[in-house]
Amino acid sequence: MKHGYLVGLGLLALVAAGCVDDPAAPEPEGGPITLAAAVAQSGRHGELGSAVARGYRLAVEMINEKGGIRDRPLQLVLRDDGSDAETSARLYAEFIASDTIDVLLGPYSSPITEAVLAVTEAAGIPLVAPAAAPELWTGRQRQWSAQLLNPAPSYLKGSVEVAALVGARAVALVHEDTSFPAAVADGVREVARAHGLDIVMDESYAVGAADHEAVVAAARDAGATLFIGGRYATDAMEFARAAAAVGYQPRLMSLLLGPAEPDFIDAVGEAGRCVAGNAPWDPTIRTSGFISDSETMVQRYEAAHGTTPGYHPAAGFGAVELLAEGIDQAISATGDADRTAIRDFLFTAMTQSVLGPFGVYPLEDPKAGAQRALTGLQVQWQDDGAGGLALRIIHPWAIANATPCLMR
């Protein structure tokens, strides 16, 4: 199988992770093994999509540095889908038509992933997706696509538990009216009912249509002591700023995507104090996968990018790890990177990546391919003891490294 090298579009032949050959295994066949992904590096999701892409690149680089997979290097074909579902689906169709791609990595965002899976499932190519919306898998009986992240309904459940513990009783739930935030909101409603909390405000807003100050002022006036929801990073920043602007101080504010990112506090400053959110992974947690342990991955990422990675680069890194482990297993058994063998590994393995535990529902299950092993963290910006703010883990209780701080 021959592969071109498209520097401008991100095709990378990078160096990394070796495995000791099994003398009884078939001899490896062929040259490089090619992974491909179309990930938002511009447009609405460009910032977080680029973070996922950096994780993809680093994992491939590190595995090739150690000799590749059974003496076969990895190549990464990386394209920018511009945060557009139709463009992403077309790019994946082009990958498939090229007949030069062995396995696939997912795009960024659940709606874009939905469009992509319609193409890749029909082609029968293994794909690991850093997407969280449960409807991508529930009742779909996927045959080739495995979910990496913890499912969306679990994202902010821990924050509701924290809020109940610190005395919040009234909830303002506000979220963007798209599939992923709506699924998160379903989980919030479920756990709020279980803890006897009263949802005094439950609203959704169209993409890009949130009046952040008006929303938080309404939550303040409704007496909500837990403000929870949002959507992607920009909304999280705007809600934090808006709360400060209108003098809204709930006991806890927990926002969907954004607070776990290292640049969140740089963007909002003091308005981010005590703001919480979800993180499938945190750089202080020690994890280990097929390519690396988390400490080494963090060091390499910091050296390359000058900042500590959030969970989006870790998700990208972990997705490559899982496919690499599956490829290693397939080559050991068949002598080549057999797609069916890789798929079977993904749907049966209970293993680890840098992101944490990995295990999905098996092929015969209605939720085949959906993640069932990874659980998320709740993190919060707190005093660092030196005049600044640092991100701390406040839930689950067993691994928390700080007690919750309250906005009032």
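Quick notes on this one:
- Neighbourhood charge, 12 Å Cβ-Cβ cut-off, centred on residue 404 and excluding it, Lys, Arg +1 and Asp, Glu -1: +1
- Counting all C-alpha pairs of the chain, share separated by more than 30 Å (%): 39 percent
- If you plug the beta carbon distance of residue 285 and residue 383 into 1/(1 + (r/R0)^6) with R0 = 25 Å, you get a FRET efficiency near 0.75.
- Calculated diffusion of segment 203-331, Stokes-Einstein form, Kirkwood radius summed over Cα pairs, 4 °C and 1.567 mPa s, µm²/s: 78 µm²/s
- Quotient of the Cα radius of gyration of segment 270-333 and 2.2 N^0.38 Å, N being its number of residues: 1.38.
- Between 0 and 90°, nearest 10: helix 85-98 axis offset from the chain longest Cα axis: 10 degrees
- The charge dipole of the chain, taken about its Cα centre with unit charges on the Cβ atoms of Lys, Arg (+1), Asp and Glu (-1) only, comes to about 680 debye.
- Applying the Karplus relation 6.51 cos²θ - 1.76 cosθ + 1.60 with θ = phi - 60° to segment 323-329 yields 3J(HN,Hα) values of 5, 5, 5, x, 5, 4, 5 Hz, where x marks Gly and Pro.
- Volume per residue of the convex hull around the Cα atoms, evaluated for segment 251-305, comes out as 102 Å³.
- Taking Cα centre as origin and charging only the Cβ of basic (Lys, Arg, +1) and acidic (Asp, Glu, -1) residues, the dipole magnitude of segment 134-269 rounds to 440 debye.
- Here the calculated FRET efficiency for residue 90 and residue 207, from their Cβ-Cβ distance with R0 = 25 Å, stands at 0.70, rounded to the nearest 0.05.
- Inter-site label distance for residue 222 and residue 189 at 7 Å from Cα along Cβ, in nm: 1.3 nm
- The radius of gyration of the Cα set in segment 85-189, together with its Dmax, comes out at 16.8, 58 angstrom.
- Of all DSSP beta bridges confined to the chain, the antiparallel ones make up roughly 35%.
- In order through segment 172-184: 3J(HN,Hα) via Karplus (6.51 cos²θ - 1.76 cosθ + 1.60), integer Hz, x for Gly, Pro: 10, 10, 9, 8, 5, 8, 9, 4, 5, x, 5, 5, 4
- Mean residue ellipticity (222 nm) of the chain, computed from DSSP H runs ≥ 4 via -39,500 (n - 2.57), nearest 500: -11500 deg cm²/dmol
- 3J(HN,Hα) from dihedral phi, segment 386-402, Karplus parametrisation 6.51/-1.76/1.60, rounded to Hz, x for glycine, proline: 10, x, x, 10, 10, 7, 10, 8, 10, 6, x, 4, 5, 10, 4, 10, 7
- Probe 1.4 Å, protein heavy atoms only - accessible area per residue of the chain in square angstrom: 36 Å²
The values are calculated or read from the model by the stated rules, or taken from the named source; none is laboratory data. Only a predicted model underlies this, so the values are computations on that prediction, with no experimental measurement involved. Every residue, glycine among them, receives a Cβ derived from its backbone with ideal geometry; neighbour counts consider all protein chains shown. For the accessible areas, the whole protein counts, side chains as well, though only heavy atoms, and no ligand, DNA or RNA atoms are used. Shrake-Rupley method; radii C 1.70, N 1.55, O 1.52, S 1.80 Å.
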